[in-house]
1. Check every one of the helices (runs of 4 or more DSSP H) wholly within the range A:16-132 and list those with 3 or more residues that are more than 9 Å from ligand 1 (Cβ to nearest atom) and within 22 Å of A:ARG171 (Cβ to Cβ).
2. Being in a helix (DSSP H, G or I) and under 18 Å from A:LEU119 (Cβ atoms), is that true of even one residue in the range A:194-217?
3. Looking only at the range A:133-153, which residues are part of a loop (DSSP other than H, G, I, E, B) and more than 21 Å from A:LEU165 (Cα to Cα)?
4. Is it the case that the range A:31-41 has a residue that's farther than 23 Å from A:GLN202 by Cβ and under 14 Å from the mean Cα position of the chain (by Cα)?
5. Within the set of pairs 6 or more residues apart or between chains, which connect a residue that is within 14 Å of chain B (Cβ to nearest Cβ) and within 16 Å of ligand 2 (Cβ to nearest atom) inside the range A:9-27 to a residue that is at pLDDT 95 or above and assigned to a loop (DSSP other than H, G, I, E, B) with Cβ atoms less than 8 Å apart?
6. Out of all the residues in the range A:78-91, which are surrounded by fewer than 22 Cβ atoms within 10 Å (Cβ to Cβ) and more than 8 Å from every other protein chain (Cβ to nearest Cβ)?
7. What about A:SER109, is it in contact (Cβ under 8 Å) with a residue 60 or more places away in the chain and within 14 Å of another protein chain (Cβ to nearest Cβ)?
8. Search the range A:161-189 for residues being within 13 Å of ligand 1 (Cβ to nearest atom) and in a helix (DSSP H, G or I), and hand back the single one that is nearest to the other protein chains (Cβ to nearest Cβ).
Amino acid sequence: MIPTPDLSHLTRQDYEHVYEPAEDTFLLLDALEQEASELKEIRPLVCLEIGSGSGCVSAFIGGILGPSAALYLCTDINARASRCTLTTGRQNKVPLESMIASLALPLLSRLKHSVDILLFNPPYVPTVIAEAENAQGTADIEGSWAGGIDGMQVTDIFLQTVESLLSAKGRFYLVAVKENNIPDIRARMSDRHGLQSKIVMQRRAGREHLFVVQFFR
Amino acid sequence: MVRLITHNLLACHVKNCTSNNFPLAFKDLGDTSLPAEQPDMIDDEFLQKLHHVLLEIHVEEGSMVCPNCNHVYPISNGIPNMLLAEHEIG
Ligand SMILES: C[S@@+](CC[C@H](N)C(=O)[O-])C[C@H]1O[C@@H](n2cnc3c(N)ncnc32)[C@H](O)[C@@H]1O
Ligand SMILES: [Zn+2]
């Protein structure tokens, strides 16, 4: 058993602005734990998490691979989330490199085909377009869930860049809900980017039917 | 905690800024442990300095400037802010 990262340094005030780990987060942790031995086998050098929030997921990966086994890069548009990610790294002795950025934009040109483990638990809740746009602009707690049409407005932009980021042995883990139309996502990633995929884990949590999908070459 | 190994992966992504947009220049970072040219002999002393510069130097406060378009990316509390304004996004 890989221990769940220690988040005792984060407070109620933090969680007013930063996503508190919830069912979707825990499904991703469980999926990664199930894949732990395979992940170690590929000897990852670069891990990149988009939308790291509290930093819980990247700290967990650090627990699986060992603190200094890889470079752990984390982006989030929410400055408070980037701060929490940094402190969660310190608290759990995993050197998380936290930056405020949208998706992987400042890293795209330098990380071509170099990311071994790519992670995104995106804002996946279907909302009207304007709600997602505003949430992206204000970069506060609404940005952690407001996903626009089909909940795919933010994820879709990122999906365009996944193939160019993944290394030959790289894997991309995406959290999604049923409303995101997972068969359609998988078909698009295959047709347009030649990436294969499989569903690693799924779970019903309240009204949400959550999935973790893995994409690979 | 911007280590140089991370800085080395960041490029300017302002709209139309696609060449000479890397590496971003640190403002006010005065470490001179490394020689300007790669030495002929890679000895332990050099490797230790390299390790220090790449993995141990952390920039907590400062900024990084694009060599092409001069866009400034601030670093605060060890976190670089790479966000762009709406009109700067490609
Ligand atoms: C559902 S939360 C997941 C947080 C954390 N990874 C977890 O699993 O608990 C989504 C996160 O994505 C961030 N986010 C939203 N839009 C983003 C974007 N365009 N670029 C980077 N991060 C974004 C949010 O601020 C939020 O922290
Ligand atoms: Zn530039």
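The values are calculated or read from the model by the stated rules, or taken from the named source; none is laboratory data. Here the structure is a predicted model, which is why all the values come from computation and not from measurement. So basically every Cβ, Gly included, is an ideal-geometry build from the backbone, and we count neighbours across all protein chains shown.
1. A:23-34, A:36-41, A:56-65
2. Looking for residues that are in a helix (DSSP H, G or I) and under 18 Å from A:LEU119 (Cβ atoms), one finds none in the range A:194-217, hence no.
3. A:ALA139, A:ASP140, A:TRP145, A:GLY147, A:GLY148, listed by residue number.
4. no
5. Taking only residues 6 or more apart or on different chains, not a single pair turns up.
6. A:ARG80, A:THR87, A:ARG90, A:GLN91
7. Spelling it out, it is not the case that A:SER109 is in contact (Cβ under 8 Å) with a residue 60 or more places away in the chain and within 14 Å of another protein chain (Cβ to nearest Cβ).
8. Out of the qualifying residues, it is A:THR161.
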